[in-house]
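Working notes, structure below.
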Amino acid sequence: MHSYHKCKCLPRMLTRNPHCSHFSFYNCFLHYLLAYIISIIMELGNIVDFLENKVMLITGATGFLAKIFVEKVLRVQPNVKKLYLLVRASDGKSALQRFNTEAVAKDLFKLLREKHGTNLQTFLSEKVTLVAGDITCEDLGVQDPSLKAEMWRDVDVVVNAAATTNFDERYDVALTLNTFGAKNVLNFAQKCVNIKLLLHISTAYVSGEKPGLMLETPFCWGESLNGTNGLDIDEEKKILENKLKELKSDHNASDEMINLAFKDLGMQRANHYGWPNTYVFTKALGEMIIGHLRGDMPVVIIRPTIVTSTFKEPFPGWVEGIRTIDSLALAYAKGRLTCFLGNPEGIYDVVPADMVVNAMITTIAANANLTCSEAIYHVGSSVSNPLKFSTYQKCAFWYFTDYPWIGKDGKPIIVGEVTVLNSMSSFYRYIGFRYLLPLLVLRFINYILCRAFDDTYKNLNRKINFVLRLVDLYKPYLFTKCFYDDMNTEKLRRVLRVSGNEESIFYFDPRIIDWDNYFEGIHLPGLRQREFK
């Protein structure tokens, strides 16, 4: 199989055109023409057959995507040889208990439960080995020497899905997990004598905020987004260590102050080099480490956009945790958000979780054993099936009008046509006149009346601060003018289409999605069900 990937030295100015928010029909035509040509010269064997007798190590095994990945592999290929699942736990027994509680017991595994019935645990015990460990440690924190030797001998594929995805995470936590954790996973994979591929899950938003078409290109070592020189991962570690010493020497520093200081440090370091937040900065550094140190190991980096609930499998609408845009939808449904912030004509790049997992499995089969291969795949929808902000907004209005949220008082919360604010200045004016000014009046009245309205004031103040923090975290994505090139991903879709009958099993083409039906009939109902459980 021939591998196509873009040159590392492609100038970043070509990938991030600050004057282009849309790409021309000519460029779009060339995009798909090239993908079609490439698909002709590629071959992709049967994916289900590829998975047979394979041994995989999956980190972050209790995370959202990793659980869906594990369920899918076990369901479509019960003859997979072994899945080693790395779970943060004190020992193997605790790891098993955590996996059973956070994965097997969930609705996610209901198809496997129906298929195997009372034999499910026997099947899982034969196919799954829970490994207590931690990607922040050398050898992934695996303590048992015989187990470690067994893994180094048998593992074919390593999937690194462990990460912290909190936008304003503490810098020490994010750097340790997302950056140096990626390095530890790479080091472990390099000790596996039969390794065929390392699949690393990143994010499309490592590309930053500049408008334009973001290509599927790797980062160069020490490359910043804003051209600032001096980005050095080891230096970032020293800055972190010095900050820790400084905070420890301050005996008056409370845990809350330390927590805030590390969050501020992460944002400062990210902004200094052009990234909008700590999460995407440390994920970009993780990509750099893998690209720089991988040697001749085949590596695939998957960059999903905003991951939402499942489209079809194992059933529509399964979701866990609050995904990025869900925070806004829930705040609106609960009456905390009476306005939407964003360009109505702007494009939100979202992709259902099962499509991301199908793309992961397909890239593994397509890239395993390719010597010196480093491929990057954007998994999103902004090029193939763009979703307008206004579509998401109207779907939320229609759905929560027909199925209103039930408040703590047991009464339905009535939502209205929201005011759409298309700039940050209009948002601050709106919040100021509608909320902050009345809050100041309430504060004065509360003071005059000896805090008679103390609870009301605190509750309103809390809600306003919640919305302000939410908007501050997500504003880089609310007004984004980025489109995520998916030529490599389109190439795989075309190869999958012509290579056999597995397209219906490993679907990941966003063009099959009707966004109105998806949000009103699948995603928002799934989100509602999750919240009321």
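The values are calculated or read from the model by the stated rules, or taken from the named source; none is laboratory data. What you are looking at is a predicted structure, and each value in this text was computed from that prediction instead of being measured. Heads up, the Cβs are rebuilt from the backbone with ideal geometry, glycines too, and the neighbour counts pull from every protein chain shown. Each accessible area value is taken on the protein alone, full model and side chains, heavy atoms only, with ligands, DNA and RNA left out. Shrake-Rupley method; radii C 1.70, N 1.55, O 1.52, S 1.80 Å.
What value, in deg cm²/dmol to 500, does the helix sum -39500 (n - 2.57) over DSSP H runs of n ≥ 4 give at 222 nm once divided by the residues of the chain? Let's see the in-between values first.
Working: 22 runs with 248 residues, N = 533.
One gets -14000 deg cm²/dmol as the mean residue ellipticity at 222 nm.
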Given the chain, what percent of its DSSP beta bridges are antiparallel, to the nearest 5?
10 percent
Using distinct alpha-carbon pairs, which all enter the 1/r mean, Kirkwood radius of the range 244-402 in Å:
19.3 Å
Kindly provide the pair-distance distribution of the range 180-295 built from C-alpha pairs, with 5 Å bins from 0 and whole-percent values in order of increasing distance.
2, 10, 18, 20, 17, 13, 10, 6, 3, 1, 0
Whole Å is fine, so just give me how far the alpha carbon centre of the range 164-206 lies from that of the range 259-283.
17 Å
Computed over the chain, the relative contact order (Cα-Cα under 8 Å, seq sep at least six) in percent reads 20 percent
Express the Stokes-Einstein translational diffusion coefficient of the range 41-82 in µm² s⁻¹, to the nearest whole number, given a Kirkwood radius over alpha-carbon pairs, 10 °C and a viscosity of 1.306 mPa s.
141 µm²/s
3J(HN,Hα) from dihedral phi, the range 202-207, Karplus parametrisation 6.51/-1.76/1.60, rounded to Hz, x for glycine, proline
10, 8, 5, 7, 5, 6
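Using the Cα atoms of the range 110-155 to build a convex hull, what is its mean projected area in square nanometres? Could the numbers behind the result be given before it?
Values: hull surface 17.5 nm².
The directionally averaged projection comes out at 4.4 nm².
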What are the semi-axes of the equivalent ellipsoid for the range 448-533, taken as the square roots of 5 times the Cα gyration tensor eigenvalues, largest first, in whole Å?
46, 19, 9
Positive dipole terminus of the range 389-533, leading residue within Gly521, Val495, Val441 (C-beta point charges):
Val441
Would you work out the charge dipole size for the chain about its Cα centre, treating the Cβ of every Lys and Arg as +1 and the Cβ of every Asp and Glu as -1, and quote it to the nearest 20 debye?
860 debye
Would you please give the residues with an amide H less than 5 Å from that of Asn46, counting only those at least 5 places away or on a separate chain, with H modeled from the backbone geometry?
none
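In whole percent, and with a 1.4 Å probe on the protein chains, what portion of the accessible area of the range 450-525 is carbon and sulfur?
Answer for the range 450-525: carbon and sulfur cover 51 percent of the accessible area.
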Where Rh is the Kirkwood radius over the Cα pairs of the range 324-425, the temperature 25 °C and the viscosity 0.890 mPa s, what D in µm²/s does Stokes-Einstein return?
150 µm²/s
Rg and Dmax of the chain over Cα atoms: what are they, in angstrom?
23.9, 79
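On average, how much accessible surface per residue is there in the range 403-448, in Å², for a 1.4 Å probe, leaving out ligands, DNA and RNA?
Values: 3340 Å² over 46 residues.
That works out to 73 Å² per residue.
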Could you work out the pair-distance distribution P(r) of the range 159-221 from its alpha-carbon pairs, with 5 angstrom bin width and percents rounded to whole numbers?
3, 14, 21, 22, 19, 13, 6, 2, 0
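How big is D for the range 130-252, in µm² s⁻¹ as a whole number, if Stokes-Einstein is applied with the Kirkwood radius of its Cα pairs at 10 °C and 1.306 mPa s?
Numbers: Rh = 17.0 Å.
D, rounded to a whole number, is 93 µm²/s.
Could you rank the peptides 273-283, 247-257, 392-402 by their average count of other C-beta atoms within 10 Å per residue, with the highest value first? Before the final figure, lay out the partial values.
Working: 273-283: 24.6, 247-257: 9.5, 392-402: 17.9.
Packing order, densest peptide first, comes out as 273-283, 392-402, 247-257.
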Helix 180-190 sits off the longest principal axis of the Cα atoms of the chain, rounded to the nearest 10 on a 0 to 90 degree scale, by 10 degrees
Any residue on another chain or 5+ positions along whose placed amide H is under 5 Å from the amide H of Glu374 is listed here as Val299
Excluding ligands, DNA and RNA, the carbon-plus-sulfur percentage of the accessible area of the range 61-113 with a 1.4 Å probe reads 49 percent
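Evaluate the charge dipole of the range 182-320 about its Cα centre and quote only its size in Debye, nearest 20, assuming +1 on the Cβ of each Lys and Arg and -1 on the Cβ of each Asp and Glu.
Numbers: 15 positive and 17 negative charges, 72 e Å.
Value, rounded to 20: 340 debye.
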